[in-house]
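Quick note: the coordinates plus some simple rules give every number you see, no bench work behind them. Here the structure is a predicted model, which means the values were calculated and not measured. Glycine gets a Cβ as well: all are built from the backbone with ideal geometry, and neighbour counts include every protein chain shown.
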Amino acid sequence: MYSEPQPTASGEQFDPSAMTAAHKSLPMDTMVEVTNPADGSSVTVRINDRGPYIAGRCLDLSTASFEKIASPSAGVVDVQWQVLG
């Protein structure tokens, strides 16, 4: 999860309230369903940035999208994800 306002790799300003995420290689504007297998909650996000750059992590979710699937105090959770369409 990340929340600090900053420019994204897509050129738009990062909005922590948007349903967006960062991925290292998926094309910009790809829609991805992210599911927390611990409770089955899921969220659909749009890729608009690059990252994460920490080993073992596949996605960085905006604050709002992370809050849909886990408690913000967790900071990091294991997820399952799939590209939509």
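Structural remarks
- Relative contact order for the chain: 37 percent, from Cα pairs under 8 Å spaced at least 6 residues apart, divided by residue count.
- Per-peptide average of other Cβ atoms within 10 Å, ordering 71-78, 31-38, 6-13, 19-26 highest first: 19-26, 31-38, 6-13, 71-78
- Between Ser71 and Ser42, the simple label model (points 7 Å from Cα in the Cβ direction) yields a spacing of 2.5 nm.
- With the highest mean first, a sort of the peptides 59-70, 39-50 on other beta-carbon atoms found within 10 angstrom per residue produces 59-70, 39-50.
- Normalising by residue count, the chain has a Cα convex hull of 86 Å³ per residue.
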